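Please treat every number below as a calculation from the coordinates, not as lab data. Fair warning: this is a prediction, and the values are worked out from it, not measured in the lab. Here the Cβ is made from the backbone with ideal geometry for all residues, glycine too, and neighbour counts use every protein chain on show.
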Amino acid sequence: MKKYLLLISLFIILSNCDKVNCDKSAEYYRKMDVNFVIIEKKALNHGREVNFKIKNIKNNEFENYNEENTWFAWYYANFEKGDTITKHKGELVFSIHKKDTVLSFNFECDGKKYLR
């Protein structure tokens, strides 16, 4: 009986692990405000922690940018040294400014695209 209860408990815990509150995530990303140039792109940590050496355009300082940011991690392959990354507070779109093009990505969660 104990094994049965343990299996049920484990199933309940694991089935809730992937549940994402999209509105809460959207609110978190809506508050972000970044504007930096990638100086060095480091390996993606734990599958979702972005890790860059940057030049922060707001204060003209060189910094490390480490954040568990799944939104940026989804598009990590698109980031390159020299790219400028912009994400304005209140918006749910971020942009990667490259030498000859701009890539923009709206926040999406559970198949829903968030525009505002």
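Checking every one of the GluC sites (Glu not before Pro) in region 59-116 against DSSP loop status and a limit of 13 other Cβ atoms within 10 Å picks out E80. Expressed as a whole percent, how much of the Cα-Cα distance distribution for region 20-114 exceeds 16 Å? Roughly 55 percent, rounded to a whole number.
Of the trypsin sites (Lys or Arg not before Pro) found in region 58-97, those that fall in a DSSP loop while having at most 14 other beta-carbon atoms within 10 Å are K58, K81, K89. In plain terms, the residue of V34, V102 with the fewest other Cβ atoms within 10 Å comes first and the most crowded comes last, giving V102, V34.
A Förster distance of 30 Å, applied to the separation of the beta-carbon atoms of H88 and L44, puts the FRET efficiency at 0.80.
Go ahead and run the numbers for FRET between N60 and D100, Cβ-Cβ distance against an R0 of 30 Å, rounding to 0.05. After rounding, the FRET efficiency stands at 0.75. One decimal place: the segment E108-N51 gains 18.4 nm when fully extended, by the rule 0.36 nm per residue minus the C-alpha distance.
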